[in-house]
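The values are calculated or read from the model by the stated rules, or taken from the named source; none is laboratory data. In this text the structure is predicted, and so the values were computed from the model without any measurement. Cβ: placed from backbone, ideal geometry, glycine included. Neighbour counts: every protein chain shown.
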2 protein chains.
Amino acid sequence: MTDNPTACILIIGNEVLSGRTRDANLQFLATRLGELGIPVREVRVIPDVPETIIGVVNEVRARFTHVFTTGGIGPTHDDITSECVARAFGVAWEVHAETRALMAEDYARRSPPVEFNAARLRMATLPVGAVPIRCSETTAPGFSMGNVHVMAGVPRIMRAMFEALAPSLERGQPILSHTVHADYVYEGQIADGLTAIQAQHPGLDLGSYPYYRGTGGGVALVAKGTEAAAVAAAAEAMYALLARFGSARQGEPAPEG
Amino acid sequence: MTDNPTACILIIGNEVLSGRTRDANLQFLATRLGELGIPVREVRVIPDVPETIIGVVNEVRARFTHVFTTGGIGPTHDDITSECVARAFGVAWEVHAETRALMAEDYARRSPPVEFNAARLRMATLPVGAVPIRCSETTAPGFSMGNVHVMAGVPRIMRAMFEALAPSLERGQPILSHTVHADYVYEGQIADGLTAIQAQHPGLDLGSYPYYRGTGGGVALVAKGTEAAAVAAAAEAMYALLARFGSARQGEPAPEG
């Protein structure tokens, strides 16, 4: 997995930090990026504060192959992501003529027509050099500026923007995953055995996740990696480990494992 | 709000970064911390990588009044938060005698008794100087080390640990919030008016959040701050703004507003 491109997600918005809104984008993006072989290595949730956005964008775009931002590209005063990305890159923030034309056409066609006012024009204003991300959900675009991909915070729109962007992303080996379950087996029992399996497969990421149900609990063991044979071998060792504690074989193979 | 203590949340775990697990702790913590007057200023999701955890803990404990971590304090090889916090503070990581005794008593009492093996002893091992966070859900504790509060990732246990910790936290003025709704009013219409209200109340945090339903959409405007009179005044101005677009009065006052 070490040769794969990497991703950082920036969730921009006071509403997530205050607890008003529960983020609904992280899990989608993390899952899709894993499928594309672009593992997410860090996520930050940051407020609508210009200096914070600019500083964090510049820090993480230097450290990760791709940065994906969600939130802050609407028409209101707290929608400052686009301006801040322009400032982070040291470029002007200007009305994008093609986008303005597309939005004007869209607004004129609505019934009743929508006024293309100054607030809405902010959504047609992009860092100079940005490549718009257009999707079917809205004519107000996201954009890519270098390796920073700026998307809406509304999940439906974010997903459409991501899928429009995905074909152009540099990809890595897809991350394969094999999960093994056991009811009534507990982490404290299998920890040493799992450590031994991890030591045999240093290129894999093995995880252990307890779960709880009405009648008791159990554990899910997960092997992740880019090499199908190694993932399959680790999964077999995990099945054998759980069988020592009386568990029948329960699991979900890797997509290509 | 500027005099209030501040919080940073660290969500530690590969399972959140990979999309396997949807974080269920951020919204709870952000909401509860807001009620305590300790607004969350940043959240990071980071992997189970020692250098990353140590570096990030040291960075954020210097920048925020409180740091709350979730995840990575179980018995398995990927549970490394406790060790890493010890290394971040430059202290030894040692078996905590009182905790070991409590866990031994608990394990012996179970039927059948639970083996207190090496893996489980890791959960009784704490940075020297840490203060255990004990809760009714488990005898394996969280802990506070200076301003870093280390809690479990399992939501039920995390919540119990947080509530056990909460009475000892330095608090600020509670963050009051007043939300005003309007169906069939759109952000692009009210953006300028909202900017004007924000300019009149620089001490408040005003937000605008579009929503979508089967039959159309609308907008929720939120005023947040520590001064009840200012929050109420901004809410009145927001009601008046929405009324200009034909909306009836719909909202949720601040708890003390």
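Please go through region B:14-61 and give me each residue that is closer than 22 Å to A:Ala220 by Cβ, β-branched (Val, Ile, Thr) and in contact (Cβ under 8 Å) with a residue 40 or more places away in the chain, ordered by number.
Within region B:14-61, just B:Val16 meets the criteria.
Among the polar types (S, T, N, Q), outside the structural domain of A:Cys135 (by TED's automatic domain parsing), in contact (Cβ under 8 Å) with a residue 40 or more places away in the chain and over 26 Å from A:Arg22 (Cβ atoms), is that true of A:Thr195? Even if it seems obvious, please write down each step before you answer.
Numbers: among the polar types (S, T, N, Q): yes; outside the structural domain of A:Cys135 (by TED's automatic domain parsing): yes; in contact (Cβ under 8 Å) with a residue 40 or more places away in the chain: no; over 26 Å from A:Arg22 (Cβ atoms): yes.
No, not satisfied.
In the set B:Ile46, B:Ile54, B:Ile12, which member is more than 9 Å from chain A (Cβ to nearest Cβ), buried (at least 24 other Cβ atoms within 10 Å of the Cβ) and of a type outside the set (Ser, Thr, Tyr)?
Numbers: B:Ile46 fails: more than 9 Å from chain A (Cβ to nearest Cβ); B:Ile54 fails: buried (at least 24 other Cβ atoms within 10 Å of the Cβ).
Checking each option against the conditions leaves just B:Ile12.
Given the conditions (1) without any contact (Cβ under 8 Å) to a residue 40 or more places away in the chain; (2) within 16 Å of the chain's Cα centre (by Cα); (3) in a helix (DSSP H, G or I), and given that A:Ala166 satisfies all but one, which numbered condition is not satisfied?
(1)
Kindly indicate whether any position in region B:106-118 is at pLDDT 95 or above and either buried (at least 20 other Cβ atoms within 10 Å of the Cβ) or under 22 Å from the mean Cα position of the chain (by Cα) (or both).
Within region B:106-118 (the criterion being at pLDDT 95 or above and either buried (at least 20 other Cβ atoms within 10 Å of the Cβ) or under 22 Å from the mean Cα position of the chain (by Cα) (or both)), the answer is no, since none of the residues qualifies.
List the residue pairs whose Cβ atoms are under 6 Å apart, where the first residue sits in region A:224-239 and is in the same structural domain as A:Leu204 (by TED's automatic domain parsing), the second is modelled with pLDDT under 95 and among the basic types (Lys, Arg), and the two are 6 or more positions apart or on different chains.
A:Tyr239/A:Arg249
Scan region A:173-187 for residues that are under 20 Å from the mean Cα position of the chain (by Cα) and surrounded by fewer than 19 Cβ atoms within 10 Å (Cβ to Cβ) and jot them down.
To start, the set of residues in region A:173-187 that are under 20 Å from the mean Cα position of the chain (by Cα) comprises A:173-177.
Passing the criteria: A:Gln173, A:Pro174.
So A:Gly153 passes all but one of these: (1) in a strand (DSSP E or B); (2) touching a strand residue (DSSP E or B) at 6+ places or on another chain (Cβ under 6 Å); (3) touching a residue at least 40 places away in the same chain (Cβ under 8 Å). Which condition number does it fail?
Tallying (1) in a strand (DSSP E or B); (2) touching a strand residue (DSSP E or B) at 6+ places or on another chain (Cβ under 6 Å); (3) touching a residue at least 40 places away in the same chain (Cβ under 8 Å), A:Gly153 fails exactly one: (1).
In the list B:Gly146, B:Gly216, B:Gly172, which residue meets the criterion of being out of contact with any helix residue (DSSP H, G or I) (no Cβ under 9 Å at 6 or more places or on another chain), on the phi > 0 side of the Ramachandran plot and not hydroxyl-bearing (Ser, Thr, Tyr)?
Numbers: B:Gly146 fails: out of contact with any helix residue (DSSP H, G or I) (no Cβ under 9 Å at 6 or more places or on another chain); B:Gly172 fails: on the phi > 0 side of the Ramachandran plot.
When all the criteria are applied, what remains is B:Gly216.
I'd like the full set of residues that are in contact with a Lys or Arg (Cβ under 7 Å, 6 or more places away or on another chain), more than 8 Å from chain A (Cβ to nearest Cβ) and at pLDDT below 95, limited to region B:177-204. Lay out the reasoning, then the answer.
Step one: list which residues in region B:177-204 are in contact with a Lys or Arg (Cβ under 7 Å, 6 or more places away or on another chain), which gives B:177, B:188, B:204.
Those left that are additionally more than 8 Å from chain A (Cβ to nearest Cβ): B:204.
Once the filter is applied, which keeps residues that are in contact with a Lys or Arg (Cβ under 7 Å, 6 or more places away or on another chain), more than 8 Å from chain A (Cβ to nearest Cβ) and at pLDDT below 95, region B:177-204 yields nothing.
Looking at B:Arg41, B:Arg22 in this structure, which one is charged (D, E, K, R), closer than 20 Å to B:Asn147 by Cβ and at the interface with another protein chain (Cβ under 9 Å from one of its Cβ atoms)? It would help to see each step written out before you state the result.
Details: B:Arg22 fails: closer than 20 Å to B:Asn147 by Cβ.
Answer to the selection: B:Arg41.
Within the set of pairs 6 or more residues apart or between chains, which connect a residue that is under 19 Å from B:Asn14 (Cβ atoms) inside region B:79-92 to a residue that is of a type in the set (D, E, K, R) and outside any helix (DSSP H, G or I) with Cβ atoms less than 7 Å apart?
Close Cβ pairs (under 7 Å, with a partner that is of a type in the set (D, E, K, R) and outside any helix (DSSP H, G or I)) amount to B:Ile80/B:Asp48.
Test each condition in (1) within 11 Å of another protein chain (Cβ to nearest Cβ); (2) under 16 Å from A:Ala88 (Cα atoms); (3) surrounded by fewer than 17 Cβ atoms within 10 Å (Cβ to Cβ) for A:Glu35 and report the one that comes out false.
Checking A:Glu35 against (1) within 11 Å of another protein chain (Cβ to nearest Cβ); (2) under 16 Å from A:Ala88 (Cα atoms); (3) surrounded by fewer than 17 Cβ atoms within 10 Å (Cβ to Cβ), the one that fails is (2).
Among (1) away from every other protein chain (no Cβ under 13 Å); (2) over 24 Å from B:Asp106 (Cβ atoms), which single condition is B:Ile133 missing?
B:Ile133 satisfies every listed condition except (2).
Within region A:214-237, how many residues are away from every other protein chain (no Cβ under 12 Å) and of a type outside the set (S, T, N, Q)? Can you show your working first?
Narrowing region A:214-237 to residues away from every other protein chain (no Cβ under 12 Å): A:214-216, A:218, A:226-237.
Applying the additional criterion that residues be of a type outside the set (S, T, N, Q) yields A:214, A:216, A:218, A:227-237.
Of the residues in that region, 14 qualify.
Of the residues A:Ala164, A:Ala152, which is assigned by TED's automatic domain parsing to the domain that holds A:Asp78, of a type in the set (A, V, I, L, M) and buried (at least 23 other Cβ atoms within 10 Å of the Cβ)?
It is A:Ala152.
Which count do you get for residues in region A:99-130 that are touching a helix residue (DSSP H, G or I) at 6+ places or on another chain (Cβ under 7 Å), among the polar types (S, T, N, Q) and within 14 Å of chain B (Cβ to nearest Cβ)?
Count: 2.
Name the pairs: first residue in region B:96-113 and outside the structural domain of B:Val128 (by TED's automatic domain parsing), second residue surrounded by fewer than 16 Cβ atoms within 10 Å (Cβ to Cβ) and modelled with pLDDT under 95, Cβ to Cβ under 8 Å, at least 6 apart or on different chains?
Partner pairs satisfying both residue conditions: none exist.
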